[in-house]
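Down below is the structure, laid out as structure tokens.
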Amino acid sequence: MIEFYIPFAEWVNAGFDVVSRQLSPFLRAVSVFFEALINLFEALLLWPPEAVLMLAIGLLMWRITKNRNLGLFAVLGLLFTYGVDVWQPAMSTVALALSGTAASLIVGIPLGILASQNDAVEKVLRPILDVMQTLPSFVYLIPAVMFFGMGKVAALVATMIFAMPPAVRLTNLGIREVSKEMVEAAESFGSTRREVLQDIQLPLALPTIMAGVNQCIMMALAMTVIASMIGAGGLGLVVLRSMQSLDIGMGTVGGLGIVILAVALDRLTENISQQQQKQKGLD
């Protein structure tokens, strides 16, 4: 039999060595920025007393959504995480999810805007986003660990990449769905392309963009469990350890904590999106 072997793994390792050496200064700068971002969110969440933060979050959600039940749910949910002794892991999970969401939106929304203004960019981004959304979530851990090592920074990078596609797609979709008649009317009055985007397209596309933000947050929370394998910590680590030790009770506690956070953040962003749609309908 003829021996046939393709040294693909060796090629990948050699290419990684070259790329990592070339990008080393940039990767260090990115690592410092992401670490500072995570630490900032964690410090803000862990600095006030637990009772004060619970009430503040409940009142804030009630104020934003005009929904008393949602504010009460947030307070009771956070009280549950405190009562079952997973308060700090829950706040670490929120910090990672918010950091990942913020990083995803910082990159994803401008890319979506660019794709909406340029068909060539959209054609290039579409297959890339298709691949990103079909890859198994575990695959995102590989490049994150290769370039940033184990720890929260790698977890944040994996979360950011995993959660970014909905922000890009829905920003692009929302802007492209804006009525062409409104755009043409604005242009006929002498508005520049930038003014049309800023004053017409983005405000009208905001409900769709908020739907992208909602999906981004949900995917970031989903990734926090998987990212616990590379040092993310938080509730994902609670779930992972419970699986390793077959501790069903602790696994249930960690899972319920993630569900509470996911439901609260989902209802918050969904309510904001509905308010934007109502305002759009009134306008």
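The values are calculated or read from the model by the stated rules, or taken from the named source; none is laboratory data. Being a predicted model, the structure only gives us computed values, none of them experimental. Cβ placement follows ideal geometry from the backbone for every residue including glycine, while neighbour counts extend to all protein chains displayed.
A few notes on this one:
- Some residue of the stretch 191-201 being at negative phi, within 21 Å of the chain's Cα centre (by Cα) and among the hydrophobic types (A, V, I, L, M, F, W, C): no
- Pair list, Cβ under 7 Å, 6 or more apart: the stretch 168-180 residue over 13 Å from Gly112 (Cα atoms), other residue surrounded by fewer than 22 Cβ atoms within 10 Å (Cβ to Cβ) and of a type in the set (A, V, I, L, M, F, W, C): Val178/Ile200; Val178/Leu204
- In summary, helices (runs of 4 or more DSSP H) completely within the stretch 1-115 and bearing 1 or more residues that are at pLDDT 85 or above occur at 50-65, 68-83.
- Restricted to the stretch 116-155, and to residues there that are part of a helix (DSSP H, G or I) and small (Gly, Ala, Ser), the residue that is surrounded by the fewest Cβ atoms within 10 Å (Cβ to Cβ) is Ala120.
- Filter result for Ala167 (under 21 Å from the mean Cα position of the chain (by Cα) and more than 30 Å from Val12 (Cβ to Cβ)): no
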